[in-house]
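The next block holds one structure in the form of structure tokens; read it before the comments.
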């Protein structure tokens, strides 16, 4: 899965993954690709994902985020 999460202030992994009653979190501009079948892909303006199933999160550099936003502009 790849996309954007919105958090208040600076991103904090500990705060983002802290146990709460809300198991599902919104992922905006979401992409879903199957690792074993890369030709299978799903895109959506918003997706929900189960935080209990997350093993790792990677942050993109700001430059790469800007490039992605420019690619989406009409």
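Quick notes on this one:
- Considering the stretch 1-58, there are no qualifying strands (runs of 3 or more DSSP E) wholly inside with 2 or more residues that are at pLDDT below 85 and exposed (fewer than 13 other Cβ atoms within 10 Å of the Cβ).
- Of the residues making up the stretch 23-36, those that are free of Cβ contacts under 8 Å to residues at least 24 places away in the same chain and farther than 19 Å from residue 60 by Cβ are 34, 36.
The values are calculated or read from the model by the stated rules, or taken from the named source; none is laboratory data. This one's a predicted model, so the numbers in the text were calculated from it and none came from an experiment. Cβ atoms come from the backbone with ideal geometry, glycine included; neighbour counts cover every protein chain shown.
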